[in-house]
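Below is one structure, written out as structure tokens, with a few remarks after it.
The values are calculated or read from the model by the stated rules, or taken from the named source; none is laboratory data. These numbers come from a predicted model, not from an experiment. Cβ: placed from backbone, ideal geometry, glycine included. Neighbour counts: every protein chain shown. Surface accessibility is based on the protein's heavy atoms, side chains included, excluding ligands, DNA and RNA. Shrake-Rupley method; radii C 1.70, N 1.55, O 1.52, S 1.80 Å.
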Protein chains: 2
Amino acid sequence: MYLRGVKELSLTRSEEDHIKAIHTLTRRDGRAATNAISERLSTKASSVTDMLKKLAEKRLLKHEPYYGAKLTLKGEAVALQLVRRHRLWETFLVDRLGFGWDEVHEVAEQMEHVASEKLVDKLEAYLGHPHFDPHGDPIPDKHGRIRQRKTKSLDSCGPGESVRIVAVSETTDGLLRLLDSKGLRIGTTLVVQEVHAFDGSMDVKPKSGSAFSLSKDVSDHLQVEPS
Amino acid sequence: MYLRGVKELSLTRSEEDHIKAIHTLTRRDGRAATNAISERLSTKASSVTDMLKKLAEKRLLKHEPYYGAKLTLKGEAVALQLVRRHRLWETFLVDRLGFGWDEVHEVAEQMEHVASEKLVDKLEAYLGHPHFDPHGDPIPDKHGRIRQRKTKSLDSCGPGESVRIVAVSETTDGLLRLLDSKGLRIGTTLVVQEVHAFDGSMDVKPKSGSAFSLSKDVSDHLQVEPS
DNA sequence: CACAATTATTAGACAAGGCTAAAAATATGT
DNA sequence: ACATATTTTTAGCCTTGTCTAATAATTGTG
């Protein structure tokens with residue numbers, strides 16, 4: 001995946017927001033439906049249709065009417081650039097400025113639109129070329145390459161397994177605050193105690209501290225690796 | 001000067017740009033003429049007239065047709081907030097990321113529009129509550145207060161005077177690069193050798209290094225204090 | 001002081017990006 | 001399979017911020 005040939009491109013904030021939404025939805029659902037995009041951006045579906053037409057003309061995506069949008073290589077490169085900027089700024093906000101990991105999203109959302117390749121590269125170097133952001137998500141490098149981790153959902157673990165939390169998917173503020181209140185964060189190690197079949201909830205015990213219960217909604221979104 | 005009562009206010013980028021331009025021009029020329037504003041923003045005078053009308057309705061400035069614009073207290077507070085953000089980001093870019101002081105303006109111009117009071121306050125603390133930016137310009141504090149320095153223009157100095165450069169006014173990229181190439185920067189100490197009456201140029205000698213000549217255009221924009 | 005030059009405003013157009021309401025295409029349930 | 005529900009698109013309108021061209025006010029000059 002190359003980020004080259006994207007420099008001369010100058011996109012509006014709205015165009016960038018659409019591209020990033022499509023990228024995220026495609027990663028999550030396998031496709032990006034018009035309604036899903038509009039919901040993510042708090043706009044109406046008709047506005048999204050217009051924008052899809054426009055971005056298709058700019059060769060940033062393919063738009064199959066009534067099916068959805070698929071980013072071209074060029075569009076994917078733009079999206080990765082945005083993800084890169086977003087996650088680097090989140091890292092800066094948490095590691096350097098002392099923000100909580102649950103309060104950085106909105107600010108990073110603004111900072112990711114500051115367009116300066118030099119800025120992003122220098123920021124990355126200043127932060128020590130991190131490969132993962134404070135939520136555990138991978139930070140694409142200058143060329144769009146992503147370091148993969150072989151993780152699974154906590155949900156899929158059985159009793160006795162000892163795992164370390166490495167990422168939180170679907171990072172809504174509500175979920176992040178809930179985790180914070182239970183003392184769960186990136187790096188926390190847990191042992192699964194018991195899984196309750198009827199509602200999918202599970203009892204877990206942190207290395208230090210006493211056991212408690214997590215609903216399936218929560219364990220679903222915790223990405224873990226063996227520990 | 002209070003920055004309170006400005007929080008609930010949400011301005012577009014263009015509105016903010018106009019307010020800042022008016023603030024800067026008023027500081028420099030004593031007034032902000034329509035043409036001067038449009039030149040600064042690379043737009044046309046008619047566009048500025050429209051915007052002045054709009055901002056006057058929002059009580060951010062007084063617009064006397066055919067005279068110009070004058071910021072209200074509320075408008076001044078917004079402007080100071082923007083100046084604060086701009087200079088803090090410039091300081092970050094130079095001191096932390098290692099940018100040259102002549103390449104930060106454009107990027108800071110984008111970053112100053114990121115709206116988060118918490119971000120700005122934390123950034124200020126991270127930088128050690130600086131009172132002056134890399135160009136020597138004062139950074140307004142949270143409440144809009146500016147630390148003044150009793151400086152004069154190098155232009156106004158006579159032979160034998162020993163002075164330290166503390167600021168550069170009218171910071172165009174061209175001027176900044178010229179200074180850089182002569183080894184002149186904030187903190188440099190000089191002794192005035194001779195002033196030539198016919199063109200206002202002056203010979204100066206840095207503490208370390210040999211003497212050279214500066215045109216009036218340059219010495220005009222160097223702010224110095226006795227050393 | 002009168003008239004030219006400059007500066008500012010008004011009037012009307014346009015592109016971007018959003019909206020609502022209605023129509024068209026696709027998906028679903030019995 | 002056919003009627004209904006859902007999703008997407010189209011059509012037309014609105015606001016913001018810009019422009020050009022024409023007009024009006026102010027300033028400068030012989």
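Some points to look at:
- Selected residue (only one of B:GLU103, B:GLU109 is at pLDDT 95 or above and under 19 Å from the mean Cα position of the chain (by Cα)): B:GLU109
- Test: residue in the stretch B:53-74 that is in a helix (DSSP H, G or I) and more than 16 Å from DNA strand D (Cβ to nearest atom): yes
- Filter result for B:LEU25 (away from DNA strand C (no atom under 16 Å from the Cβ), part of a helix (DSSP H, G or I) and closer than 30 Å to B:LEU178 by Cβ): no
- Residues located in the stretch A:73-90, provided they are in contact with a Pro (Cβ under 7 Å, 6 or more places away or on another chain) and more than 14 Å from chain B (Cβ to nearest Cβ): A:LEU80, A:VAL83, A:ARG84
- Matching residues, the stretch A:32-47, being in a strand (DSSP E or B) and away from DNA strand D (no atom under 13 Å from the Cβ): none
- Answer residue from the stretch A:108-122, given it is surrounded by fewer than 20 Cβ atoms within 10 Å (Cβ to Cβ) and touching a residue at least 12 places away in the same chain (Cβ under 8 Å) and is nearest to the other protein chains (Cβ to nearest Cβ) among those: A:VAL114
- Residues in the stretch A:61-84 that are without any contact (Cβ under 8 Å) to a residue 24 or more places away in the chain and closer than 19 Å to A:THR12 by Cβ were compared, and the one that is surrounded by the fewest Cβ atoms within 10 Å (Cβ to Cβ) is A:THR72.
- Residue list for the stretch B:158-189, filter: surrounded by 14 or more Cβ atoms within 10 Å (Cβ to Cβ) and either in contact with a helix residue (DSSP H, G or I) (Cβ under 8 Å, 6 or more places away or on another chain) or among the small types (Gly, Ala, Ser) (or both): B:SER162, B:VAL163, B:ILE165, B:ALA167, B:VAL168, B:SER169, B:THR171, B:LEU175, B:LEU178, B:LEU179, B:ARG185
- Members of the stretch A:123-148 that are more than 11 Å from chain B (Cβ to nearest Cβ), open to solvent by less than 30 Å² (accessible area, probe 1.4 Å) and over 13 Å from the mean Cα position of the chain (by Cα): A:PRO130, A:GLY144
- Enumeration of residues in the stretch A:197-212 that are within 28 Å of the chain's Cα centre (by Cα) and farther than 14 Å from A:SER162 by Cα: A:ASP199, A:GLY200, A:SER201, A:PHE212
- Residue count, the stretch A:193-227 (criterion: touching a Lys or Arg at 6+ places or on another chain (Cβ under 9 Å), surrounded by 14 or more Cβ atoms within 10 Å (Cβ to Cβ) and farther than 24 Å from A:THR172 by Cα): 2
- Options B:LYS74, B:LYS53, B:LYS58: the member that is within 12 Å of DNA strand C (Cβ to nearest atom) and more than 16 Å from the chain's Cα centre (by Cα): B:LYS53
- Segments classed as strands (runs of 3 or more DSSP E), wholly inside the stretch A:152-227, with at least 1 members that are at pLDDT below 85: A:222-226
- Only one entry in B:ASP50, B:ASP17, B:ASP29 is free of Cβ contacts under 8 Å to residues at least 12 places away in the same chain and either hydroxyl-bearing (Ser, Thr, Tyr) or within 12 Å of DNA strand D (Cβ to nearest atom) (or both), namely B:ASP50.
- Residues located in the stretch B:28-50, provided they are within 11 Å of DNA strand C (Cβ to nearest atom) and either within 14 Å of another protein chain (Cβ to nearest Cβ) or open to solvent by 90 Å² or more (accessible area, probe 1.4 Å) (or both): B:ARG31, B:ASN35, B:GLU39, B:LYS44, B:ASP50
- If you go through the stretch A:88-104 and keep only what is in a helix (DSSP H, G or I) and surrounded by fewer than 22 Cβ atoms within 10 Å (Cβ to Cβ), you end up with A:VAL94, A:ASP95, A:ARG96.
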